[in-house]
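J.: Please see the structure below; I have some questions.
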Amino acid sequence: MLALAAHTPSPVIHLHLFPPHSSHSPSTLAAIHTAMSHSRFCLQPPGDSPTRKGFWESIQLGCIPVTFRRGTYDKVWPVAFALEDGALVGGLGYWDERIALVVDEQSVIDGADVVRLLEDAEEGEVKRRQLEMAKIAHLVQYGLPGTMAGVDAVSVLVRRLESIRDAGEA
């Protein structure tokens, strides 16, 4: 996992490199989450599946996930649904357009300077993505019974499965 802390108009880049997840102790996880929560961008290279936890942790911790393939998270959450305020969350293109910052994988292979691309990200775009993440963070975590009011990832999943079931019955 790599997190980039860039909080000032002239960002100072701090690279936080952590070992593979199999060796994460509670203190290492705490250090990772602290680094992510103090970072503006978190690089999320392709993993073993589109449901890799780093992407969702980035959202929960307010660190804009930087991905390298368009449409990856559309496969996980392809259908939009309405929040209590009527705002739509999810759907095709949502993750790439509203949450993650996508850097084309081939451009990185060809030598693109990812740090420079992130330093050049427009402040308004960064703020918009941060606000969107704050709005949906509770939807991508699993709450323990009695700890969360309303909607969490489990209720979102149940709602999605019910809609698939209901569509099949129609």
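We did not get these values from a lab; they are worked out from the coordinates using the rules stated. All values derive from a computational prediction rather than experimental measurement. Glycine also receives a Cβ, built like all others from the backbone with ideal geometry; neighbour counts cover every protein chain displayed.
J.: Could you rank the peptides 54-67, 111-124, 92-105, 26-39 by their average count of other C-beta atoms within 10 Å per residue, with the highest value first?
T.: Top to bottom by mean Cβ count within 10 Å: 54-67, 92-105, 26-39, 111-124.
J.: Full-extension gain between Ser49 and Glu162, please, as 0.36 nm times their residue separation minus the C-alpha to C-alpha distance.
T.: 38.3 nm
J.: Separate question: Multiply the residue separation of Gln106 and Gln141 by 0.36 nm, subtract the distance between their alpha-carbon atoms, and state the gained length in nm to one decimal.
T.: Using 0.36 nm per residue and subtracting the Cα-Cα distance, I get 9.5 nm.
J.: Report the extension gain between Ser25 and Glu122 in nm, rounded to one decimal, defined as 0.36 nm multiplied by the number of residues separating them, less their alpha carbon distance.
T.: 31.3 nm
J.: What's the local net charge at Ala134, with K and R +1, D and E -1, over the other residues with C-beta under 13 Å away?
T.: +4
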